[in-house]
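Notes to accompany the following structure.
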Amino acid sequence: MLSIFRKFAICYQWHRPIWNRRRNRRDDQCVAGCLIVCLMVMIIGGCDTPATQRPGDTVLIRTDRQAVTVDQFERAFEAAKIAYSENRVVDPQLMKQARVRMLNQMIEELIIERRAQELGIVLGDGELDAAIQDIKKDYPDDEFEQMLLESAIPYSLWRDRLRVRLMMDKVIDRDLTESVTISAQDMEDYYNAHEDDFVVDGENPPQADLKHRIVERLRREKVEAAYPQWMDGLRNRYQVTINWALWNISAGPDNQTAAKVQE
């Protein structure tokens, strides 16, 4: 099994978006593993609005309607370490990097949850169950459940994390993907610049398949290019703040600079 830090590196790269990843067994193992890394279902469920916070509360992340305390962050991070540390001695620098990635992932999920509320986006149980069956169909017998068991991931938690990810997909589709336009000239230019990428055994795929692949790649790249500015705009809109004094106390001063770079 990959260590926690390699899983963090895989799972916290926004430029490898879940909404456009083709599933295979290796990808699903990564998804299943990373779903526990940030326990945002539990955290968001326990978030209070700023108005209910007492002056002495140790709020680490705050939005206009949500708050995450240091204790909530630490519980989530400890759970992730227990699941993936495998009793290994870990590099302190890698630990710091993992904490920063987790902090930024928490912020992004809080922001997207707020955006989903604003847009009125919901995910029905039927949609979730269909997505689960789509994932499970690639696994024979009880291999999927066994994989979760070996990774120390409760099925209920995996299901909740999948719900969060699918909600993120919906929000991104609404705000970014649906607005992407791809012209015939875009497709021609992209093909000319990446012709070798589409050659299989010395031949190009059928024309219809080729066009589909080009469109999918172009759409993904345009969404990825728009994502940082979109996220920054929502971050400002929802008044996201981080208590750097608490962060430095809990994680050490080196992480403040690292986390700010991610903003």
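The numbers here are math on the coordinates, done by the rules we state, and not lab data. Just so you know, these numbers come straight off a predicted model, no measurement behind them. Reconstructed Cβ throughout: ideal geometry from the backbone, glycine too, with neighbour counts over all protein chains shown.
Values as computed for the structure displayed
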quantity	calculated
Order by protection proxy (mean Cβ within 10 Å, highest first), peptides 159-165, 192-198	159-165, 192-198
By average C-beta atoms within 10 angstrom, highest first, the peptides 168-178, 61-71	61-71, 168-178
For peptides 241-248, 94-101, sequence by mean Cβ density within 10 Å, most packed first	94-101, 241-248
The range 153-171 versus the range 181-226: alpha-carbon centroid distance in Å	30 Å
